[in-house]
1. Between a first residue in the stretch 410-426 that is without any contact (Cβ under 8 Å) to a residue 40 or more places away in the chain and a second residue that is in a loop (DSSP other than H, G, I, E, B), which pairs have beta carbons less than 8 Å apart while being 6 or more apart in sequence or on different chains?
2. Name every residue in the stretch 405-431 that is over 26 Å from the mean Cα position of the chain (by Cα), surrounded by fewer than 17 Cβ atoms within 10 Å (Cβ to Cβ) and among the small types (Gly, Ala, Ser), in order of residue number.
3. Pairs needed: first member in the stretch 393-406, touching a residue at least 40 places away in the same chain (Cβ under 8 Å); second member anywhere, open to solvent by 50 Å² or more (accessible area, probe 1.4 Å) and of a type in the set (Lys, Arg); C-beta distance under 6 Å; at least 6 residues apart or different chains.
4. Just to be sure I understand, how many residues within the stretch 352-390 are loosely packed, with under 15 Cβ neighbours inside 10 Å, of a type in the set (S, T, N, Q) and not in a strand (DSSP E or B)?
5. Exactly one of these conditions fails for Leu232: (1) of a type in the set (A, V, I, L, M); (2) more than 22 Å from Glu304 (Cβ to Cβ); (3) free of Cβ contacts under 8 Å to residues at least 40 places away in the same chain. Give me its number.
6. Can you tell which of Gly338, Gly315, Gly280, Gly326 is under 15 Å from the mean Cα position of the chain (by Cα), surrounded by fewer than 23 Cβ atoms within 10 Å (Cβ to Cβ) and not in a strand (DSSP E or B)?
7. What number of residues within the stretch 416-435 satisfy the criterion of being among the hydroxyl-bearing types (Ser, Thr, Tyr), in contact with a strand residue (DSSP E or B) (Cβ under 7 Å, 6 or more places away or on another chain) and in a loop (DSSP other than H, G, I, E, B)?
8. Which one is nearest to the chain's Cα centre (by Cα) among residues in the stretch 391-404 that are surrounded by 14 or more Cβ atoms within 10 Å (Cβ to Cβ) and of a type outside the set (S, T, N, Q)?
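The values are calculated or read from the model by the stated rules, or taken from the named source; none is laboratory data. All of these numbers come straight from a predicted model, not from anything done at the bench. In this analysis, Cβ positions are derived from the backbone assuming ideal geometry, glycine residues included, and neighbour counts consider all displayed protein chains. Accessible surface is based on the protein model in full, side chains and every heavy atom, while ligands, DNA and RNA are left aside. Shrake-Rupley method; radii C 1.70, N 1.55, O 1.52, S 1.80 Å.
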Amino acid sequence: MRFLSLVLLVMLVSGYSSPAFSVDFAGSGVGAIPDNSSSGRTVSFSVSGVSGPLASIRVRLGLTHSFAGDVEAILRSPGGVSTLLLFGRTGVGYGQPNPSFGSPANFAGTYEFADDATQDLWATASPLITSATIPSGKYRTFGLGVVNTRHGGCSTSLAGAFNGLSGVQLNGTWTLTVADRVSGDTGTVDSALLSVSSSPDIFSSGFEDSPRGTCQLARYDYFGSGRSNYVLVRNTGGGATGAITWTIQDNDGTAAGAQQSFILGTAADRFVDLDFDGDGKTDGAVWTPATGQLLVRRSTRPGESPVAIAFGQNGDDPSHSGDYDGDGVDDFALYRVGASTGLASHTLVRLSSGGTRDLVTGENGAFPCGGIDYTGDGKADMAIQANSGGGMASFRIFNGSTGALVSTFLFGTPTDVVQLGNYVGTALGDVTVVKGVGGVINWTTRDGQSGVTQAAVPFGASATDFPLTGDYDGDGLDDYATWRPSATPGMSKFSVRPSSNTAAPFDVLLGANGDYPVANNRSH
């Protein structure tokens, strides 16, 4: 980004009673951005004399650059406690006019990044031609464009990354790294301003009226690579409550991506997938049935202790998280079965925009599958499978905002396992079921938009394999995928039938017998 002025606000936790503040800090170290360098130019902000906690943050950046798609900017709080990409590789990815290099438009102005912005920089810049200039203005932050994926363009959250930082955490040197990742075109950071505040950005009702971006995030993407990662958990502590070690291998389009490992949760916990802090990356999370506590290891703050949130009770099903309020940030959602046969079951949602929902969705004896948009309103909904008699299963779709029954249809049998995902790729989420037939897993998908049932796809061994949810090729569609444990060291593997090339399934060796693939948590 060539000419930018930065403004940052930081959000405050409720109950803070100290005097309100809003302070601007000018950046030092502005100048030319090194061409084709991941190190980029680092602008520093010396923040001092501010008492936390932060409630909102803004960045105003004066930027000039002759090719917007080359540039990315990353903001870090003092000591690297919290980090967020403000924007990056604008217009790079599937379905874009220039998918390999991104928008050829120029940065030549002042660009403010804030959560209350109503403009989408990605959508503004992507269609512009060479020599066109991206207008100065206030924009939402968004995720990195990645070649051969639909990852870029999703609006992210400054509040999720930085809100609640204490005075100790926010005072010190903040850095903004602006990098030019492709050779040829050049630019400069002309000015930068960081604004921190004790007053939250104002929204009419959460983020619903703000741009949500133009991307399709992959579930289980902990690295931000635009593809579902390969994720396994292992009881390394021993026993029924042994400590759990997570191993996550980045899916960078090869079978040998970088790995990260951390300890989170115990063997008694349930494994949860959600983007809690709104940075476009999945966060490691577990839910403890005995205490009804969610623990989240935020990708923006990996060095901090996990966030602990009390929500739910023993017996709830914690595997239905999704964006139920349309703010681009996942909401933690539970399914609570009715107390006895025939009594109403509930979907309980803890909204990232504030508040909770209690929706009546089905009844005791039915099976839930929630967390994707079945209705086309851009928000997560709930699908309920039930026995319709005569060997047939019925599905009901409930609106995730109101709990209203939207549609009912017959599909599959009562013993089929429901697998979350959008495998056909139309605007509405699909319903997919899996079953073993002759030792093979058969995947059958009903297109949510047309209602047409696709031909069954045999993939995986029913006796050994775990069916998985995920978009492993980054094309915006979920892929039929499995993980197979093996008693032979080094032979456990992920197997993927990519939707972008169904004739070329591939394997990734990872894990050991006794591990559990987290992407199986969406099977019901």
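1. Final answer for the pair search is Thr413/Gly391; Pro414/Gly391; Thr426/Asp447; Thr426/Gly448; Thr426/Gln449; Thr426/Ser450.
2. Ser407
3. Final answer for the pair search is Gly400/Lys379; Ser401/Lys379.
4. Qualifying residue count, the stretch 352-390: 1.
5. In the conditions (1) of a type in the set (A, V, I, L, M); (2) more than 22 Å from Glu304 (Cβ to Cβ); (3) free of Cβ contacts under 8 Å to residues at least 40 places away in the same chain, Leu232 misses (3) alone.
6. Within the list Gly338, Gly315, Gly280, Gly326, the selection yields Gly326.
7. Here the count works out to 1.
8. Going residue by residue through the stretch 391-404, those that are surrounded by 14 or more Cβ atoms within 10 Å (Cβ to Cβ) are 393-401, 403.
Filter again for of a type outside the set (S, T, N, Q), leaving 393, 395-398, 400, 403.
Values: Ala393: 31, Phe395: 27, Arg396: 26, Ile397: 23, Phe398: 23, Gly400: 18, Gly403: 24 Å.
Checking each candidate, the answer is Gly400.
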